[in-house]
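First the structure, in the form of structure tokens, and then the observations on it.
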Amino acid sequence: MKHTDIKSIFTDPSYIGKQVTVCGWVRTSRDSKNMAFIELNDGTALKHLQIVIDKSKITEISDFMPGGTALKVVGTVVEGAVNNAVEVNAEEISVLGICPGDYPLQKKRCSLEFLRTMPHLRVRTNTFNAIFRVRSVAASAVHEFFQSRNFVYINTPLLTASDCEGAGEVFKVTTIGYSEDYKNEEEYYADDFFGKKAGLSVSGQLEGEVAAMAMGKIYTFGPSFRAEKSNTLRHVAEFWHVEPEIAFAELDDIIEIAQDMIKHIISEVMAKCPSELEFFEKFFEKGLHEKLQNIIDSDFAVLDYTEAIELLKKADVKFQYPVEWGCDLQTEHERYITEKIFNKPVFVTNYPKDIKSFYMKQNPDGKTVAATDLLVPGVGEIIGGSQREEDLTKLLKAMEERGMGTEEYADYIDLRKFGSVPHGGFGLGFERIIMYMTGVQNIRDVILYPRTVGSIR
Ligand code: 4AD
């Protein structure tokens, strides 16, 4: 069906005076004695295109006025009276799909909570139109950032036999149900599709390391799955994960790349989504534009975990979770550090080894690992990363201390035998940076179909 994108009509003045065909859905409509007006949206722009109807020329328009109706309009582009906005004087209108009165979005403004009950329809609202455009531009910025720096894009497997984070949050993959007939778990798994225990990947890192040991610099960008039962504003069971892995790199290099990547994503979104950001500034977070501009203009803070604990202990606040060296930082601690102390993104580094994963590079102090999490105001952790342990003996010891078998990690262990080099990487939770850039506070509202504990459709 040949037609012109509404965005092109807004951005290219050469359309003025020309006849176009546009397709879209009615957002609102107004009727008067001689004229009628339709706000049409085709998803290419946040702004709606006004269709002006001279009722003496086009009759029987009442049937296609309701919001949600799909239309094809042929008409001439003209300069409108208000704000230099262009509009289309309709010459011919065809209804492609009617939209009866039980369409739930005909109400003026619906709450995000109400919209969550209809993921298939909420995408048609201004809020989700803006979110998905920001998401798309941000995804493209991720690829541009890495491609322009000689990183190779790798697709790591989603079905896996190993648990990267070792936190027991792996979704099992099985084609048969467990039955009492099996003597034990091993016998059951042996009978299953892969002949062994398998699950959905929580992270592409381990396979990413395999690729980085050949390609030098790689990144993955795909879904990760976590069977965490945390019903919070920032956890989903299926999220999109950006994971670079870099050979010949130490913790400082990892931090620098992470900072540059975040700045690049934000700059691109600011340059390419000005009207979306204006929308979020108005309805979701006052001061959003200034916040994002500050991110681009200044360096992030870097804070050693041990110093973070000292600062938290001195804080003039009663935390729900007590702070002691060795504890994992809770959301309330992360927020205090980023919002009250620094008021900007903070890389916390060198965490105690006992609260971090087996693969992290052990520091000479014997107590900490060369890990870093990036915490941002309002959202908390958006990146988790580390330098990796490249020493075979130390890696095997860390695995043994955690009671891990070596069989599932044979490939990973081999990397330390054959030409091992200092290397590292990180994982960015893609939904979390979208939350940060838009001011949307619930992760369920920045993904098409959120999967959370007890909820899937
Ligand atoms: O800190 P995490 O668990 O680190 C890893 O998975 C490493 N293997 C990454 C690496 O070094 N290649 O997860 C990384 C990021 C978190 O900082 C968070 O932003 C996001 O992934 N994330 C989630 N996002 C939404 N819902 C969840 N349940 C998430 N779990 C982690």
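Residues of segment 238-256 that are part of a helix (DSSP H, G or I) and surrounded by fewer than 22 Cβ atoms within 10 Å (Cβ to Cβ): Asp252, Asp253, Ile255, Glu256. In the set (1) basic (Lys, Arg); (2) away from the ligand (no atom under 15 Å from the Cβ); (3) in contact (Cβ under 8 Å) with a residue 12 or more places away in the chain, the condition left unmet by Arg226 is number (2).
Name the residue that is nearest to the ligand (Cβ to nearest atom), counting only residues in segment 400-434 that are closer than 18 Å to Gly222 by Cα and aliphatic (A, V, I, L, M). In this case the residue turns out to be Leu428.
Filtering segment 409-431 to residues that are over 26 Å from Ala258 (Cα atoms) and of a type in the set (Lys, Arg) leaves only Lys417. Screening segment 87-97 for residues that are of a type outside the set (Asp, Glu) and over 34 Å from the mean Cα position of the chain (by Cα) and picking the one that is surrounded by the fewest Cβ atoms within 10 Å (Cβ to Cβ) gives Ser94. Inside segment 141-190, residues that are assigned to a loop (DSSP other than H, G, I, E, B), under 30 Å from Lys356 (Cβ atoms) and among the hydrophobic types (A, V, I, L, M, F, W, C) make up a count of 9.
Filtering segment 383-410 to residues that are touching a residue at least 60 places away in the same chain (Cβ under 8 Å) and not in a loop (DSSP other than H, G, I, E, B) leaves Ile383, Gly385, Ser386, Gln387, Arg388, Glu408, Tyr409.
Count of segment 198-223 residues, restricted to those that are near the ligand (Cβ under 10 Å from one of its atoms) and assigned to a loop (DSSP other than H, G, I, E, B), is 4.
Among the listed residues Asp328, Asp365, Asp373, Asp354, identify the single one that is part of a loop (DSSP other than H, G, I, E, B) and within 22 Å of Ala167 (Cα to Cα).
Details: Asp365 fails: within 22 Å of Ala167 (Cα to Cα); Asp373 fails: part of a loop (DSSP other than H, G, I, E, B); Asp354 fails: part of a loop (DSSP other than H, G, I, E, B).
Residue meeting the stated conditions: Asp328.
Find the residue count for segment 362-397, including only residues that are surrounded by fewer than 22 Cβ atoms within 10 Å (Cβ to Cβ) and either at positive phi or within 15 Å of the ligand (Cβ to nearest atom) (or both). Within segment 362-397, residues that are surrounded by fewer than 22 Cβ atoms within 10 Å (Cβ to Cβ) and either at positive phi or within 15 Å of the ligand (Cβ to nearest atom) (or both) number 7.
When each of Phe284, Phe319 is tested for being in contact (Cβ under 8 Å) with a residue 60 or more places away in the chain and either surrounded by 16 or more Cβ atoms within 10 Å (Cβ to Cβ) or not basic (Lys, Arg) (or both), the lone residue that passes is Phe284. When segment 287-301 is filtered for residues that are buried (at least 16 other Cβ atoms within 10 Å of the Cβ) and not in a helix (DSSP H, G or I), the ones remaining, listed by number, are Phe300, Ala301.
Each value in this text was obtained by applying a stated rule to the coordinates, not by laboratory testing. Predicted model only: the values in this text are computed from it and were never measured. Cβ: placed from backbone, ideal geometry, glycine included. Neighbour counts: every protein chain shown.
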